[in-house]
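Engineer: Structure in structure tokens, see below.
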Amino acid sequence: RLQESRERLSVCSKLCYAVGGAPYQITGCALGFFLQIYLLDVAQVDAFYASIILFAGRVWDAITDPMVGFFISKTSWTRLGRLMPWIIFSTPFAIICYFLIWFVPDISTGQVMWYLVFYCAFQTLVTCFHVPYSALTMFISREQSERDSATAYRMTVEVLGTVLGTAIQGQIVGKVDTPCIESSFFFGLTNSSVAMEEPNMTHDTESLTDTRNAYMIAAGVIGGLYILCALILLLGVKERRESSELQSDEPVSFFQGLKLVMNHGPYIKLIAGFLFTSLAFMLLEGNFALFCTYTLGFRNEFQNILLAIMLSATLTIPFWQWFLTRFGKKTAVYVGISSAIPFLIAVVVLDSNLYVTYIVAVAAGISVAAAFLLPWSMLPDVIDDFKLQHPSSHGHEAIFFSFYVFFTKFTAGVSLGISTLSLDFAGYQTRGCSQPGQVNFTLKMLVSAVPVGLILLSLLLFKLYPIDEEKRRKNKKALQDLR
């Protein structure tokens, strides 16, 4: 009891720790929901090249996770800790790159390379922030209950971060009316380049200037929040070296540790389950703005629909924390993630109706909250299980977290690249007021049929995950004895 009381974290410490997760979610949500439509309709990048930018950026983001995990494992402890210096030094450069992603350069050639370079650079720098921050979970306390509680605080703030990202980006950009080009220019008038040039020139010189400025203003506001959250994390959280060490600790090389981690059965099964869950929600996130704009016809409402989803998710995080404490994490996975299925089906089956869409959005947000909370709540249990099986191997927390993120980001990059490319093949028209029937059908598949299939597959994989509540209690007792 004395040891547990020493390991308890104050509410202030948990809140400061939780705030550190907001920058990743704020920027990630803004990019996830708006980058695709920004590249296609504001920067006017061809859909094929936009798919390359989205694919390459996500894949590069995935590759940098294990790289950063490797370098963190080789980092020596400093007065600030082993993880905090990464967070401090990456922050200013990440903000600069983020702002330049939302800037349209006045160049005739090289625009695709501009977005590709700064998108990849930002993903690298935000990885240098988020991987050590994620691993920090294991360095704030040795108590499972305290880590779970801190994770619940973190998930609440992170989902709130998605609300802020959606609200800031959506409301600032949504205030500017961006006129579209009538479909007659694409399909009915003529095939000559002169007819296409006239509407493009008119809209570029007038409406798109205001829209581009709105995106940069939103980027500046989000950059300021990024700095504020990083400062709160630095000043309010102490990285405890002893929190992850056992009495029998001996150093093990990175590649030996990597081999041990990737051979740990519960870790692989957890990754496999949440891999497909993440894919489902990534596809929904990446294509939902286009789906609302063109398929549902809510061009001026899509940012508010996105905000409804994120607000619902934020408010239901405490419910899911209570639910997993009361009924167990595996049960919470089954109930939470599967609850999205009927609403994903309803949004494409029912006739387009704004009120019904808002109801579906609020209900879907409940499942989004479970998908946010549960992966990060279950991963520390896997690490504890690993420590019991390999008590002489330590310092590999960053490997667990970085490769967990690697697999989800890599496959998400592939899926988003393929989805944008599918829109190109379906005949997507940049800045069109409407889209061909094939594009609308493709969007329905990308936000409903494919995510539902991925969620069902993930639920089957979670049946194989071996760490239930009884196993968790046994691991906790064994770790206390080992320490």
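The values are calculated or read from the model by the stated rules, or taken from the named source; none is laboratory data. The structure displayed is predicted, hence computed values, not measured ones. Reconstructed Cβ throughout: ideal geometry from the backbone, glycine too, with neighbour counts over all protein chains shown. Each accessible area value is taken on the protein alone, full model and side chains, heavy atoms only, with ligands, DNA and RNA left out. Shrake-Rupley method; radii C 1.70, N 1.55, O 1.52, S 1.80 Å.
Engineer: Using r as the Cβ-Cβ distance of Arg326 and Leu456, and R0 as 25 Å, what FRET efficiency do you calculate, to the nearest 0.05? Provide the component values of the computation, followed by the final result.
Structural biologist: Working: r = 25 Å, r/R0 = 1.02.
So the FRET efficiency works out to roughly 0.50.
Engineer: Roughly how tilted is helix 397-426, in degrees to the nearest 10 and between 0 and 90, from the longest Cα axis of the chain?
Structural biologist: For 397-426 against the chain, the angle is about 20 degrees.
Engineer: Measuring from centroid to centroid over Cα atoms, what is the spacing of segment 27-63 and segment 76-103 in Å?
Structural biologist: Computed from Cα coordinates, the inter-centre distance equals 22 Å.
Engineer: Quick check: the distance between the Cα centres of segment 287-329 and segment 436-465, to the nearest angstrom?
Structural biologist: If we compute the Cα centre of each part, the gap is 17 Å.
Engineer: Next question. Projected area of segment 359-483, taken from the Cα convex hull and averaged over every viewing direction, in nm²? Show your work: numbers first, answer last.
Structural biologist: Details: hull surface 43.7 nm².
Answer in nm², one decimal: 10.9.
Engineer: State, to one decimal in nm, how far the label point of Glu469 lies from the label point of Ile345, with both points 7 Å from Cα in the Cβ direction.
Structural biologist: 3.0 nm
Engineer: Quick one: pull the percent of accessible area on the chain belonging to carbon and sulfur, 1.4 Å probe, ligands and nucleic acids left out.
Structural biologist: 65 percent
Engineer: Compute the length gained on full extension between Leu482 and Cys12: take 0.36 nm times their separation in residues and subtract their Cα-Cα distance, giving the result in nm to one decimal.
Structural biologist: Details: separation 470, 0.36 × 470 = 169.20 nm, distance 2.99 nm.
Extending this stretch completely gives an extra 166.2 nm.
Engineer: Any chance you could tell me what percent of the C-alpha pair distances in segment 252-482 go past 31 Å? Walk me through the intermediate numbers first.
Structural biologist: On the way: 8034 of 26565 pairs.
Value for segment 252-482: 30 percent of Cα pairs lie more than 31 Å apart.
Engineer: Which length gain, in nm to one decimal place, applies between Asn213 and Phe255 when the Cα-Cα distance is subtracted from 0.36 nm times their residue separation?
Structural biologist: 10.4 nm
Engineer: In degrees, nearest 10, range 0 to 90: what is the angle between the Cα axis of helix 84-101 and the longest Cα principal axis of the chain?
Structural biologist: Tilt relative to the chain: about 0 degrees.
Engineer: Here's something else I'd like to know. Between Asp106 and Tyr334, what FRET efficiency comes out of the Förster formula 1/(1 + (r/R0)^6) with R0 = 51 Å and r the beta carbon distance, rounded to 0.05? Write out the running numbers ahead of the final one.
Structural biologist: Values: r = 53 Å, r/R0 = 1.03.
So, using R0 = 51 Å, E works out to roughly 0.45.
Engineer: Tell me the volume per residue, in Å³, of the convex hull enclosing the alpha carbons of segment 420-480.
Structural biologist: Numbers: hull volume 8.9 nm³, N = 61.
Convex hull volume per residue, Cα atoms: 146 Å³.
Engineer: Ok, one more. Accessible area per residue for segment 320-394 in Å², computed with a 1.4 Å probe and the full protein assembly in place, what is it?
Structural biologist: Details: 2870 Å² over 75 residues.
Result: 38 Å² per residue.
Engineer: Angle, helix 207-236 long axis vs. longest principal axis of the chain, Cα atoms, 0 to 90°, nearest 10?
Structural biologist: Tilt relative to the chain: about 10 degrees.
Engineer: Shifting gears a bit: In nanometres, what is the gap between the two model label sites at Phe93 and Asn300, each 7 Å from Cα along Cα-to-Cβ?
Structural biologist: My value for the distance between the label points is 4.5 nm.
Engineer: Going Cα to Cα from Lys259, which lysines come in below 26 Å? Please leave out same-chain ones fewer than 8 positions away.
Structural biologist: Once the sequence-local lysines are set aside, what remains near Lys259 is Lys74, Lys269, Lys387, Lys409, Lys463, Lys471, Lys474, Lys476.
Engineer: Using packing as a proxy for protection, rank 112-123, 451-462 so that the peptide with the highest average count of other Cβ atoms within 10 Å comes first.
Structural biologist: Working: 112-123: 20.3, 451-462: 18.1.
Peptide ranking by packing, descending: 112-123, 451-462.
Engineer: Extending each Cα 7 Å along its Cβ direction at Val221 and Phe425, get the distance between those two points in nm, one decimal.
Structural biologist: 3.9 nm
Engineer: Counting Lys and Arg as +1 and Asp and Glu as -1, what is the net charge of the other residues whose Cβ lies under 15 Å from the Cβ of Ser338? Mind dumping the intermediate values first?
Structural biologist: Working: positive: Lys329, Lys330, Lys463; negative: none.
Net of charged neighbours comes to +3.
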